[in-house]
Amino acid sequence: MIWNPNKECMSRDERSALQGKRLHKIVEYVYHNVPFYRHKLQEMDLTPDDIRTIDDIVKLPFTTKKDLRDNYPFGLQAAPQSEIIRIHASSGTTGNPTIVGYTRKDIGVWSECMARCLTAYGVGRDDIFSVSYGYGLFTGGLGAHNGVEMVGASVVPASTGNTEKHAKLIRDLGITGIACTPSYALYLAETMEQIGITKEQIKLRVGAFGAEPWTESMREEIQERLGIKGFNLYGLSEIMGPSVSYECQMQNGSHINEDHFYPEIINPVTLEPLPKGQPGELVFTTLTKEGMPVLRYRTRDLCSLMPGECGCGRTSVRMTPITGRSDDMLIIRGINVFPSQVESVVLSMKEFAPRYMLIVDRINNLDTLEVQVELRQEYFTATFDTPAAIDELQKRLASKLRSVLSIGAKVSLKAPNAIERSQGKSVRVIDKRNLK
Ligand code: DLL
């Protein structure tokens, strides 16, 4: 089934013409409503009239997460506050989160895009669907929720946590679909096994998995242990949230909702656009967004756009799975974590030397984060024999980290010079998860 054949199956030429028209309109809109973009375009000697077709997009400036951070909180918002009906946030590299405001029309477009994804997965009105992404500032929960309601399935807003109770609900309500991170799906499978719920007792058949990278072997394991078919769901808050792209029944790449989010692949070093099929950094321009439109937003996600047609009938371009990032962002239990956030906490406490290491692992299908930090010599000498002081310091650091990162970390305090020095570029992260 296809939710919106008019848009998902339109001819390439027709879609290009629509994209060109929308691009001109959005450039005009930001030129008049966002001083940041007006100045950038003026600096480049561009006016909205220079942007007429979708191919003109290469003339436009890029937008980065730093631009969003520098204009915190509402500097890139194009619509007046009275038109904004929802605000989400995602973690920034340091300090300020990225704030994204949505108008009523934006929420409508988002729900429609999410409905397209769910329909492609085979979800319909008769399904009972659990949304197990976090609800809150993160876009996963509410984003998926609106789409399930639009499709007309019964939504169970389970969110994350309380996994045993959730497992019982899946069995007792006959829940048929679930949206969550792939690692949570594995954790759920394990919890079910522990409490004696077998896959024969449940009716789950579809999973919408995303918010973090996952592999074919994870897909096979989830499918086998839960008895379901798992589909990729991709997105990012700066562009919309979940539903930027989705797998269809062919499961050969994820279709981009490109009438709303125009993709390009660039070389992350030279910033040159790359031809279809070549791997590079994914860049998106929002073509219809009112709240916070972005021009050529550098996602830092690495992948390629796939040439050729898909057997499902959709004509929208597909992207390959994300193979990595062109920055150092980690995704731990579905939460974006930048090493620089840890650094800012460590530097804010006088007891620590600016030497730290993040050790990420996956134990029993759950991501773990350990932060090792070196004590300064003076502090180490003064507290060496006082376990109570060390314990207090450890707790204080753990609590500061939790409030900045939104996830818990195990803190290990180290003696001065205990963290290995690297010869070249300093290594701040050891990721022991095998995600490739
Ligand atoms: O993770 C939105 C989302 C929620 C997508 C639920 C899918 C499902 P952010 O928190 O802004 O938004 O994080 C965006 O997560 O740039 C990718 O690096 C990564 N990511 C998201 N989906 C996938 C996926 C949400 N399917 C960042 N595969 C993105 C690989 C993904 N990475």
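Under 18 Å from a label point set 7 Å out along the Cα-to-Cβ vector of N267, the amide N atoms of the range 44-60 belong to 58-59. Taking a span of 24 Å or more along the helix axis (Cα atoms) and a mean Kyte-Doolittle hydropathy of at least -0.5 as the rule, the DSSP H helices of the chain that qualify are 104-121, 387-405.
How high is the FRET efficiency from D126 to Q278, r the C-beta distance, R0 60 Å, rounded to 0.05? Each step should come with its number before you reach the end.
Numbers: r = 42 Å, r/R0 = 0.70.
Efficiency for this residue pair is about 0.90.
Close amide H partners of K414, meaning residues 5 or more places away or on another chain with modelled amide H under 5 Å apart, are V373, E374, L375. Summing charges over neighbours of S304, with a neighbour being any other residue whose Cβ is under 13 Å away from its Cβ, gives -1 when K and R count +1 and D and E count -1.
Taking the range 106-136 and a reference point 7 angstrom along Cα→Cβ of K203, the backbone N atoms nearer than 11 Å belong to 126-129. Inter-part distance, the range 120-174 to the range 42-112, computed on C-alpha centroids, equals 28 Å.
Assuming 0.36 nm per residue, please report the length gained on full extension of the stretch D70 to R52 beyond their Cα-Cα distance.
3.5 nm
What the range 40-100 shows is 50 Å² of accessible area per residue, with the surface traced by a 1.4 Å probe over protein heavy atoms.
May I ask what percent, to the nearest 5, of DSSP beta bridges between residues of the chain are antiparallel?
Details: 42 of 66 bridges.
Here the antiparallel bridges make up roughly 65 percent for the chain.
Under the shape rule built on the C-alpha gyration tensor, where the axes satisfy a ≥ b ≥ c, the range 226-340 is rounded, since a/c falls short of 1.5. For the chain, adding -39500 (n - 2.57) for each run of n ≥ 4 DSSP H residues and dividing by the number of residues yields -10000 deg cm²/dmol at 222 nm. Net charge in the neighbourhood of G291 (other residues with Cβ under 12 Å of its Cβ; Lys, Arg +1, Asp, Glu -1) is 0. DSSP assigns beta bridges within the range 330-431; of those with both partners inside it, close to 60 percent run antiparallel. Placing pseudo-labels 7 Å out from each Cα toward the beta carbon at R402 and L173 gives an inter-label distance of 2.8 nm. Across the chain, the longest piece that holds none of the GluC sites (Glu not before Pro) lying in DSSP loops with up to 12 other C-beta atoms within 10 Å covers 1-308. Taking 7 Å steps out from each Cα toward its Cβ at E309 and M44 produces label points 3.4 nm apart.
Taking the chain as a whole, the Cys residues whose C-beta sits 4.7 Å or farther from every other Cys C-beta are C9, C113, C117, C180, C303, C310. For the chain, rounded, prolate or oblate, judged on the Cα gyration tensor with a ≥ b ≥ c (square roots of eigenvalues), a/c < 1.5 rounded, else prolate if a/b > b/c? The shape class here is oblate.
Applying 0.36 nm per residue to the separation of A89 and K21 and subtracting their alpha-carbon distance, the gain on full extension is 21.5 nm. For V156, the residues 5 or more places off, or on other chains, whose built amide H falls under 5 Å of its own are F129, S130, V131.
The values are calculated or read from the model by the stated rules, or taken from the named source; none is laboratory data. Since this is a predicted model, take the numbers as computed values, not measurements. Because the Cβ atoms are built from the backbone with ideal geometry, glycine has one as well, and the counts that use them run over all protein chains shown. For accessibility, only protein heavy atoms count, side chains too; no ligands or nucleic acids. Shrake-Rupley method; radii C 1.70, N 1.55, O 1.52, S 1.80 Å.
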